[in-house]
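FYI, it's all coordinate maths here, none of it is from the lab. The structure presented is a predicted model; accordingly, all values stated were derived computationally and were not measured. Glycine also receives a Cβ, built like all others from the backbone with ideal geometry; neighbour counts cover every protein chain displayed.
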Amino acid sequence: MTLNIENVEKQYKILATGTLINALNGVSISLEDGQTLGIVGESGCGKSTLARVVSGLEKATVGKVAWQGGQISDKSKNHLRPIRSRVQLVFQDPYSSLDPRQQVGAAISEVLTVHKLVPRNRVEARVVELLSIVGLTPDLQNRYPHQLSGGQRQRVSVARALASEPDLLILDEPVSALDVSVRAEVMNLLIDLRAKFGLTYIFISHDLAMVRYISDVIAVMYLGKIVEFGSWDQIIERPMHPYTRALIAAMPDHSIIGNPETLAKTLQGEVPDPAHLPTGCAFHARCPIAVPVCTTRVPVLIEITPKHYVACPEVGK
Ligand SMILES: Nc1ncnc2c1ncn2[C@@H]1O[C@H](COP(=O)(O)OP(=O)(O)OP(=O)(O)O)[C@@H](O)[C@H]1O
Ligand SMILES: [Mg+2]
């Protein structure tokens, strides 16, 4: 196992009110080298928060994240920088990682020079090489982000992420903002890059077709926790957790997962407020198979069949 996420919690404090938002409530998961983990779940369940914590962009309130044996979450360790630069995050909106006033070439060379990744006289050649790796021509170096198409912009974000030679790439809805016609191109690029550089991916998406296309294993999140984890067949074809079952049943065409309108057909009630977490199982108030003890017992992921983990002791009873 090379990625170990251990009991990670993340709380955000709203300064104006002092309210604590429980965005992650004990996420534990391991991922093997070279695998792609797909993460699905309704809006607000903590996917992007997990992405930011695993990438080291934000610190976990509780818990640990280790990549290749180095702690990402512990800022006091000296080896943090090399480990951190080996984990990169690509956002849905390339504008959040690209400075609109910076030309493409400068955006990429900045990473190379700040982290001293290549000698000064090699920087320009490396920028051209990185552009070519993501399928862009050298002349794009002199463009500003707004002078690129959405697909080109996302390719530049990927090139910038690759500049620090990561081995773990976290892709937070990387194609969701793109026109349908270019989504497949960028997905294929990601799949090629994974093979070429032996990358491990975390891929977050609401589009189940994309998740299926790229992922080896899938985690389903609910209110800051992973409730089910396994292969596509296990999660999508044979879901066990009542929440996953409702998610899948809501979308017989396997399209957009977690759509609130369709989900309302298979699931009663609303996601509880993350500022006021329910006791016990966070899903109990909406759960069709809940028993009284679910209001006090906090479920943990249990391996129900080989490599299929479900956080519900009532399943299969
Ligand atoms: N900086 C922040 N300050 C306060 N609350 C936050 C912050 N970032 C996220 N949250 C809250 O944490 C919870 C998880 O948010 P997050 O963005 O991780 O969800 P998500 O699963 O990525 O949703 P989406 O599918 O809409 O992208 C939400 O309740 C959100 O409002
Ligand atoms: Mg998000």
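Within region 113-128, can one find any residue that is over 22 Å from residue 190 (Cα atoms) and in contact with a Phe, Trp or Tyr (Cβ under 9 Å, 6 or more places away or on another chain)? No, because not a single residue in region 113-128 is over 22 Å from residue 190 (Cα atoms) and in contact with a Phe, Trp or Tyr (Cβ under 9 Å, 6 or more places away or on another chain).
Taking the criterion of being touching a residue at least 24 places away in the same chain (Cβ under 8 Å), surrounded by 20 or more Cβ atoms within 10 Å (Cβ to Cβ), within 16 Å of ligand 2 (Cβ to nearest atom) and assigned to a helix (DSSP H, G or I), would at least one residue in region 88-108 satisfy it? Within region 88-108, one or more residues are touching a residue at least 24 places away in the same chain (Cβ under 8 Å), surrounded by 20 or more Cβ atoms within 10 Å (Cβ to Cβ), within 16 Å of ligand 2 (Cβ to nearest atom) and assigned to a helix (DSSP H, G or I).
Among the residues of region 152-174, those that are surrounded by fewer than 24 Cβ atoms within 10 Å (Cβ to Cβ) and either under 22 Å from residue 255 (Cα atoms) or of a type in the set (Phe, Trp, Tyr) (or both) comprise 172, 173. From the set of residues in region 116-151 that are loosely packed, with under 15 Cβ neighbours inside 10 Å and not in a helix (DSSP H, G or I), which is farthest from the chain's Cα centre (by Cα)? Filtering first and then ranking leaves 119.
Does residue 168 qualify as being away from ligand 2 (no atom under 16 Å from the Cβ), in contact (Cβ under 8 Å) with a residue 24 or more places away in the chain and in contact with a strand residue (DSSP E or B) (Cβ under 7 Å, 6 or more places away or on another chain)?
yes
Being part of a helix (DSSP H, G or I), in contact (Cβ under 8 Å) with a residue 12 or more places away in the chain, surrounded by fewer than 18 Cβ atoms within 10 Å (Cβ to Cβ) and out of contact with any helix residue (DSSP H, G or I) (no Cβ under 7 Å at 6 or more places or on another chain) is a property that holds for residue 285. Consider only pairs whose beta carbons are under 9 Å apart and that are at least six residues apart or on different chains; among these, list those whose first residue lies in region 29-47 and is under 22 Å from residue 254 (Cα atoms) and more than 16 Å from ligand 2 (Cβ to nearest atom) and whose second residue is acidic (Asp, Glu) and not in a strand (DSSP E or B). Pairs found: 36/216.
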